[in-house]
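*Asks:* This is the structure I want to talk about, given as structure tokens.
The values are calculated or read from the model by the stated rules, or taken from the named source; none is laboratory data. Every value quoted in this text rests on a predicted model; they were computed, and no experiment measured them. We place every Cβ from the backbone using ideal geometry, glycine too, and count neighbours over all the protein chains shown. These area figures cover heavy atoms from the full protein model, side chains too; ligands, DNA and RNA do not enter into them. Shrake-Rupley method; radii C 1.70, N 1.55, O 1.52, S 1.80 Å.
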Amino acid sequence: MLDILKTDKTIRWAALAFLALALSGLVIDAWILNNLMFGLARGLAVLGLLVLWRTGLISFGHALYFGIGAYTVALLDTFAGVTDLVLRLGVAVAASAAIGFLLGFILRKYRGIFFAMLSLAFSMVLYGILVKIEALGSTDGFSVSATTIFGWKPETKFPLFCAIVATAVVAIVCVQFYLRTTLGHLTTAIRDNELRVEYLGYSVAKAIHIKYVISAALTGAAGAMLATALGQVDPDSMVNWTISGELVFITIMAGPGNVVAPFIGGIVFEFLRTYAFEWAPQAWQLIVGGALLAIIFFLPRGIWSIFEKLMARIKGSQG
Amino acid sequence: MQLAIAILLDGLSFASYLFIVSVGLTIVFGVMKILNVAHGSFYAWGAYLSAYLITLFSDMGYPNWFGFLLIPVATVVVGLVLSVIIERLVLRRMYHQDEVLIVLATFGLFLISEDLLLLVFGVNPYFAYQPMAALGNVRLGGISRDVYSMTLSALALIVAVACWWGLTRTRWGKLISVVIHDREIGLAMGLNVGMIYLAIFVIGAMLGALGGAYIAPTISVSPGFGIDVIVLSFAVVVIGGMGSIPGALIGAVMVGVLRAMAVHLMPELELFVVFAVMAIVLIVRPEGLFAPAKARTI
Amino acid sequence: MTARTLGKAIRTAALASAVAAAASMGGAAAAKNTIKVAIVTFLTGPAAGPFGVPGKNGAELMIDAINAGGLPGHSKGFGGATLDPVFADEAGGNSKQVAEYRNLVEKQNVDAVVGYISSGSCMATAPVAEELKKLTIVTICGTPSLFEDEPRSYVFRTQGSAVGDSIAAAHYVTQFMPDVTSYTGINQNYAFGQDSWKFFKQAMEQINPKAKASSNPQFPKIFSGQYGAEISTLSLDRAELVHSSFWDGDIEAFVLQALVRGFFDDKRFAAVVGDSAVDSLGAKFPDGVLIGTRSRSGILIRRDTTDPLNVWFIKAYKERYGAYPVGPSYQYAKAVHFLKLGLDKAAAAAGGFPTQAQMIEGLKGLSFNSVDGKTAMALGGGHQAIHDVGYGFTEFDKEKGEPAATNVKFYAAECINPPEGMLAEEWVDKGMPGAKCD
């Protein structure tokens, strides 16, 4: 698996870019650092959605895993006093992967709008539970105390930022590796023609199931990281259906072209949101909705396609 | 016994409301294969315009019952204007696209509409209680109930019958069935499918707006109140079977009564039951309890 | 819209005159001419109309008055400086508030944050305020947990907690509704709603043990708006009294839906923080409802107040916004006023514009008279306010064509709040030892 680092161009460039990003954390303003953390954390969830989208599946209920990840961190903190980052992340990923594995048996049979709706139903079941039960924080949610790393309590946000960047890099490498395996190569084949894949002797259901679990785990990691970076969880900003919609929006905005795109999308979204709140607090949804329509109509392959075009032009001018 | 009656009546009036809101959604899906998130916007605009007109006219000294004349006005205006704008500007360009991508586009439209509402109507809530007050209350099953909520059930029945009759007993309805079953055959027969789509979308939008306009007198019409309605009507439509009118009716009754049961007996489960049933129905009968006859080509 | 433009014009004028004044003084020792303060309140969402905007108006009125030196009996400015407000939206959930708080402090570099209506937002942002070490004055937010869970160094709250409201309500019910033998409740399912019901029930068990609580109180989700089934449940309940801490648009929606069903003919209703609905519904609001404003403010004191600040506030507010101030208007104005008094005190002690640490020293434990009577920062190590809380029954004044309250009675701050260092729950359980009631 490690030689993917040597052979894959995307991975090499991404690793360099992310290293530079991590180092920049030493000099940038605190608010930029925060927004980068939120954006990268959200990017993990978008990467999860991307894995599914490559197969033609769009989930309107990924806030389920986002919520499971975030609430795992919050509940561990509130009821067991767990602050260790690795433990938080580990349990959150395990919990979302486990739920994803169970629900995957059902969801792998569904396609298109039915897949989207059943995902939505599952996520709203969790929302319905969280909102109405006092012990689970009801609409208030929980505060999450500052994280520790192997018993060390960092003074600044920088170590956490590095941890999030590192998680993002690991996720990128793993997903890229997976996409290059035979199973991964089936991704687009399934979208194009399931029957043909079955005739080739592969089980489509199984392939989708595996993708679904990967996607759930990534989104759970995203929720855990966001909860830790933000210090707060609540159902309306993490589990409601509008959040699922928001995640799908970032996915479309980022574009399916590349495994790095989700993180660019996440960061763009976070800054868009910050400035929208500052300049036009009453028109935030208008801006997001407008951007969504504009991307669907004018930039169907997302922000990443701008990069691709630029790269092509540079190459073209060289040749 | 009192409790059972209360659950039934509460459930039915909530179900009637849900049915009126959802039936437009299911019709549009049935014909156009579009699951329209912006349906919640028709609902919200209908409610706002109706509440605005009712308060305006009652401030001018018109009697309480006058509101009943304004509700249809709000319904028609919102239904016509919004749906034509949305269909012509956005959906028309998307009919060849993936179903889920269209859902996302309508989500974008919904977000835009939420803030436009805020810009047009401001942040202050509207209270258009006059029509509700005009009808007063009656005692039923030991507790008093407002007559207005009961007229909701009558309205729901009228809507259900009208939709059923319109789709099965009129020439128009038959043409629409052709398009539902096979769009290409419809085109080959020389039908103006674009026109039929527009008409269906306008009707669906009017039903959404009607739901909002009629419920407006009973609630405080304030920013953001359309968000919950969307998922609830999704649940109704999915439970009944996307595209089925009797399905929407059954779905609405199930959701309404279950929710009322939860509120009376175990309030913690109020939201949980609705979506748990939605999930179970999707698992057991993915096409919904009343799946419309399928004749889609692969 | 016009009010806002007017406000802007006044603010600009005030700022210009302040700058001119500072310039004419030759800039002596004036290290700081303006302080930038974030005012957080609901600008969108269902709570904006009834709570957020009146709160913003109250803050704006007070800021402009102090900046221009127009607050009766007070000097100009905040410790000599002009306050430059940044208005931010409280809608959108707690996680968003936390992110926004960070942006206000780290990106917009505000000197202090004043605001937060919902208990959800103040509980979520308080830990961040401590982390970022930024002076934060919470304006409303009812949950006692804010200062009971842990001590706070940078957070103040100028509004008493739901404990005082609930104990005062229990006293009032006992005194003015002696025939009540059982009660139930409908409260929003979040910290404030849960606490309000919990402490009301606990206080009733102590003060009025013969009245029994229902086993089936309702906790609908905040902002749910439709209460058909809940009203049926409450109607079926035998309890005569229904307690509710509904606020925002929910209280109006509930009252209208219940009204048409004749609910208020069968049940007595206690809207402990419902005064915004009394004003917005006017003649439609039923008479005889127990109503509270959470301090000496709003409908309870409007008719016969003689307190000069109070009179000034009502008059100035009405002139500028064309409506009476409601609970949140007073509470936001009071928080701004508190900031001024603390800064003035700190500036006098420091002999120049104070540092944040000096400001906090100046604010800590302050006792002051504001637009809603006397407030003492007596709990939470001088960070949490106590003040009188009162109730009355609604009665529409037909002659004047506006709502009013009868049988108004206030309970002293020391009667309804635990002593410093004691948890509210424990104090009420022990029978409220040391409470000074009349």
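*Asks:* Select from region A:234-249 the residues that are in contact with a Leu (Cβ under 8 Å, 6 or more places away or on another chain) and open to solvent by less than 10 Å² (accessible area, probe 1.4 Å) and list them in ascending order.
*Replies:* Matches in region A:234-249: A:P235, A:M238, A:V239, A:S244, A:G245, A:L247, A:V248, A:F249.
*Asks:* When B:H39 is evaluated against the numbered criteria (1) over 30 Å from B:N192 (Cβ atoms); (2) buried (at least 24 other Cβ atoms within 10 Å of the Cβ); (3) modelled with pLDDT of 95 or more, which criterion, by number, is the only one it fails?
*Replies:* Of (1) over 30 Å from B:N192 (Cβ atoms); (2) buried (at least 24 other Cβ atoms within 10 Å of the Cβ); (3) modelled with pLDDT of 95 or more, only one is false for B:H39: (1).
*Asks:* Here is a follow-up. Select, from A:G220, A:G231, the only residue that is touching a Pro at 6+ places or on another chain (Cβ under 7 Å) and either buried (at least 17 other Cβ atoms within 10 Å of the Cβ) or within 14 Å of chain C (Cβ to nearest Cβ) (or both). Write out each step before concluding.
*Replies:* Working: A:G220 fails: touching a Pro at 6+ places or on another chain (Cβ under 7 Å).
Criteria check complete, one pass: A:G231.
To keep it simple, each residue is scored yes or no on (1) modelled with pLDDT under 85; (2) surrounded by fewer than 18 Cβ atoms within 10 Å (Cβ to Cβ); (3) within 14 Å of another protein chain (Cβ to nearest Cβ); (4) part of a helix (DSSP H, G or I).
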site	(1), (2), (3), (4)
A:P262	no, no, no, yes
A:P281	yes, yes, yes, no
A:G290	no, yes, yes, yes
A:F297	no, yes, yes, yes
A:L310	no, yes, no, yes
A:S317	yes, yes, no, yes
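*Asks:* I need a count of the residues in region B:129-161 that are more than 10 Å from chain C (Cβ to nearest Cβ) and loosely packed, with under 12 Cβ neighbours inside 10 Å.
*Replies:* Of the residues in region B:129-161, 3 are more than 10 Å from chain C (Cβ to nearest Cβ) and loosely packed, with under 12 Cβ neighbours inside 10 Å.
*Asks:* Can I ask one more? Restrict the check to region A:94-103 and report whether at least one residue is touching a residue at least 24 places away in the same chain (Cβ under 8 Å), assigned to a helix (DSSP H, G or I), open to solvent by 30 Å² or more (accessible area, probe 1.4 Å) and not hydrophobic (A, V, I, L, M, F, W, C).
*Replies:* no
*Asks:* For C:I291, work out the one condition from (1) at pLDDT 95 or above; (2) assigned to a helix (DSSP H, G or I) it doesn't fulfil.
*Replies:* Result: C:I291 fails condition (2) only.
*Asks:* Can I ask one more? Among the numbered conditions (1) touching a residue at least 24 places away in the same chain (Cβ under 8 Å); (2) in contact with a helix residue (DSSP H, G or I) (Cβ under 8 Å, 6 or more places away or on another chain); (3) crowded, with 19+ Cβ neighbours inside 10 Å; (4) part of a helix (DSSP H, G or I), tell me where B:L118 comes up short.
*Replies:* Unmet for B:L118, out of (1) touching a residue at least 24 places away in the same chain (Cβ under 8 Å); (2) in contact with a helix residue (DSSP H, G or I) (Cβ under 8 Å, 6 or more places away or on another chain); (3) crowded, with 19+ Cβ neighbours inside 10 Å; (4) part of a helix (DSSP H, G or I): (2).
*Asks:* Can you confirm whether region B:40-48 contains a residue that is more than 18 Å from the chain's Cα centre (by Cα) and on the phi < 0 side of the Ramachandran plot? Don't jump to the end; show me each part of the working.
*Replies:* Of all residues in region B:40-48, those more than 18 Å from the chain's Cα centre (by Cα) come to none.
Within region B:40-48 (the criterion being more than 18 Å from the chain's Cα centre (by Cα) and on the phi < 0 side of the Ramachandran plot), the answer is no, since none of the residues qualifies.
*Asks:* May I ask you to say which residue of B:I86, B:I27 is part of a helix (DSSP H, G or I) and either open to solvent by less than 10 Å² (accessible area, probe 1.4 Å) or over 30 Å from B:E270 (Cβ atoms) (or both)?
*Replies:* B:I86
*Asks:* From the residues in region C:403-429 that are out of contact with any helix residue (DSSP H, G or I) (no Cβ under 9 Å at 6 or more places or on another chain) and free of Cβ contacts under 8 Å to residues at least 12 places away in the same chain, which one is least open to solvent (accessible area, probe 1.4 Å)? So that I can check it myself, show each step before the final result.
*Replies:* Taking region C:403-429 as the starting set, the residues that turn out to be out of contact with any helix residue (DSSP H, G or I) (no Cβ under 9 Å at 6 or more places or on another chain) are C:406, C:412, C:414, C:420-422, C:426.
Filter once more, keeping what is free of Cβ contacts under 8 Å to residues at least 12 places away in the same chain: C:421-422, C:426.
Numbers: C:G421: 83, C:M422: 47, C:E426: 83 Å².
Going through the qualifying residues, I end up with C:M422.
*Asks:* Something else about it: Run down C:F156, C:F147, C:F78 and say which single residue is over 20 Å from the mean Cα position of the chain (by Cα), aromatic (F, W, Y) and open to solvent by less than 40 Å² (accessible area, probe 1.4 Å).
*Replies:* It is C:F78.
*Asks:* Continuing with the same structure: When region C:357-393 is examined, which residues are found to be under 19 Å from C:P325 (Cβ atoms), in contact with a helix residue (DSSP H, G or I) (Cβ under 6 Å, 6 or more places away or on another chain) and either open to solvent by 10 Å² or more (accessible area, probe 1.4 Å) or part of a strand (DSSP E or B) (or both)?
*Replies:* Hits for region C:357-393 are C:F368, C:S370, C:H387, C:D388, C:V389, C:G390, C:Y391, C:G392.
*Asks:* So the check is Cβ under 7 Å with 6+ separation or different chains; which pairs have a first residue in region A:18-39 that's away from chain C (no Cβ under 14 Å) and a second one that's β-branched (V, I, T)?
*Replies:* Matching pairs, first to second residue: A:F18/A:V165; A:F18/A:V169; A:L21/A:V165; A:A22/A:V165.
*Asks:* State the number of residues belonging to region C:198-253 that are within 13 Å of chain B (Cβ to nearest Cβ) and assigned to a helix (DSSP H, G or I).
*Replies:* 15
*Asks:* Do we find a residue being out of contact with any Leu (no Cβ under 9 Å at 6 or more places or on another chain), aromatic (F, W, Y) and open to solvent by less than 20 Å² (accessible area, probe 1.4 Å) anywhere in region C:235-247?
*Replies:* The answer is yes, given that some residue of region C:235-247 is out of contact with any Leu (no Cβ under 9 Å at 6 or more places or on another chain), aromatic (F, W, Y) and open to solvent by less than 20 Å² (accessible area, probe 1.4 Å).
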